[in-house]
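The values are calculated or read from the model by the stated rules, or taken from the named source; none is laboratory data. Because the structure is predicted, anything quoted here is derived from the model rather than measured. Using ideal geometry, Cβ is built from the backbone for each residue, glycine included, and neighbour counts are taken over all protein chains shown. What goes into the accessible areas is simple: the full protein's heavy atoms, side chains included, and nothing from ligands, DNA or RNA. Shrake-Rupley method; radii C 1.70, N 1.55, O 1.52, S 1.80 Å.
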Amino acid sequence: MSGVSTSPAENTTRFSAIKFVFLDRDGVINRKAPDGEYVTSWQDIQILSGAERAIALLNRAGRKVIVVTNQRGIALGRYSEPDLRSIHEELHAHLGNFGAHLDAIYYCPHDNGQCTCRKPGIGMFEQAFRDFPEACPQNSVMIGDSNSDMIAGASAGMKTILITDNPSTGSALVGQPSASGRSLLEVVERYLAC
C-alpha cells in the first residue's frame, strides 16, 4: 500500500500513543465464514495463525484489547445471543490457554439499517468509550479486514489497520487505512508490540 512506512522505528512511533486496540473478530481473530454463512458455534471457529500470540503481546504491552463485531446472524435467526455468548466464553477460555485475554467484547445483533451500532456505524465504539473513560480516538486503533471496519474506525476518529493478503486492497477502500498487514500477528509485531 502506498504511503505506508516500512521503517520499523517509524512504524512503532506512528502508533506509540495507542493504549486501546479494537479488533474485528471474523477475519482478524478467526477465519471468516464463507459469504452467506455464519459462525454459529464454537465448533465453527478456526483461530487464525498467530492470533493468540498477537493478543498476548498486546496484553503484555499494557494495551487493552476490545473486540467489536457485527453479528447479523442473530437478526436473521441463524443463531441466538446465548449461542454468541457461549462462543465468546469459549474464545476467552481458549485465549487464556495462551496467556492472552480480551478486555471486552461488543457486538451488534442487528440487521443492516436497523441501528447505529452496526459497523460502519460507531455505536459500539461510543459504548466502549463510555465503559473505558480513559479511551479516546487519539489513543485507540481499529484493526479489521473490511471496508466497514476501516470506515467505522475512521468515523470514530481512530487510526485504522487493515488485515489483507493483498496490500493494494487498502488503496481501493473508501475508509483508507493508516497501515496494513497480512495477519493480526504481523501488524502487532510491526506496529504495536513495543
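What to note about this one:
- Long-range neighbours under 6 Å by Cβ, at least six apart or interchain, first residue small (Gly, Ala, Ser) within region 25-51, second open to solvent by less than 50 Å² (accessible area, probe 1.4 Å): Gly27/Asp145; Ala33/Val39; Gly50/Ser183; Gly50/Leu185; Ala51/Ile29; Ala51/Leu184
- Test: residue in region 132-143 that is among the hydrophobic types (A, V, I, L, M, F, W, C), under 23 Å from Leu184 (Cα atoms) and surrounded by fewer than 16 Cβ atoms within 10 Å (Cβ to Cβ): yes
- Where Ile87 falls short, out of the listed (1) outside any helix (DSSP H, G or I); (2) over 13 Å from the mean Cα position of the chain (by Cα); (3) in contact (Cβ under 8 Å) with a residue 24 or more places away in the chain: (1)
- Residue satisfying condition, being out of contact with any Pro (no Cβ under 6 Å at 6 or more places or on another chain), free of Cβ contacts under 8 Å to residues at least 40 places away in the same chain and farther than 19 Å from Thr69 by Cβ, within set Asp103, Asp111, Asp165: Asp165
- Selected residue (only one of Gly99, Gly77, Gly62 is assigned to a loop (DSSP other than H, G, I, E, B), open to solvent by 20 Å² or more (accessible area, probe 1.4 Å) and over 20 Å from Glu189 (Cβ atoms)): Gly77
- Phe125 satisfies every condition listed in (1) open to solvent by less than 10 Å² (accessible area, probe 1.4 Å); (2) farther than 23 Å from Glu81 by Cα except (2).
- Members of region 1-59 that are among the polar types (S, T, N, Q), surrounded by 12 or more Cβ atoms within 10 Å (Cβ to Cβ), at pLDDT 95 or above and assigned to a helix (DSSP H, G or I): Asn59
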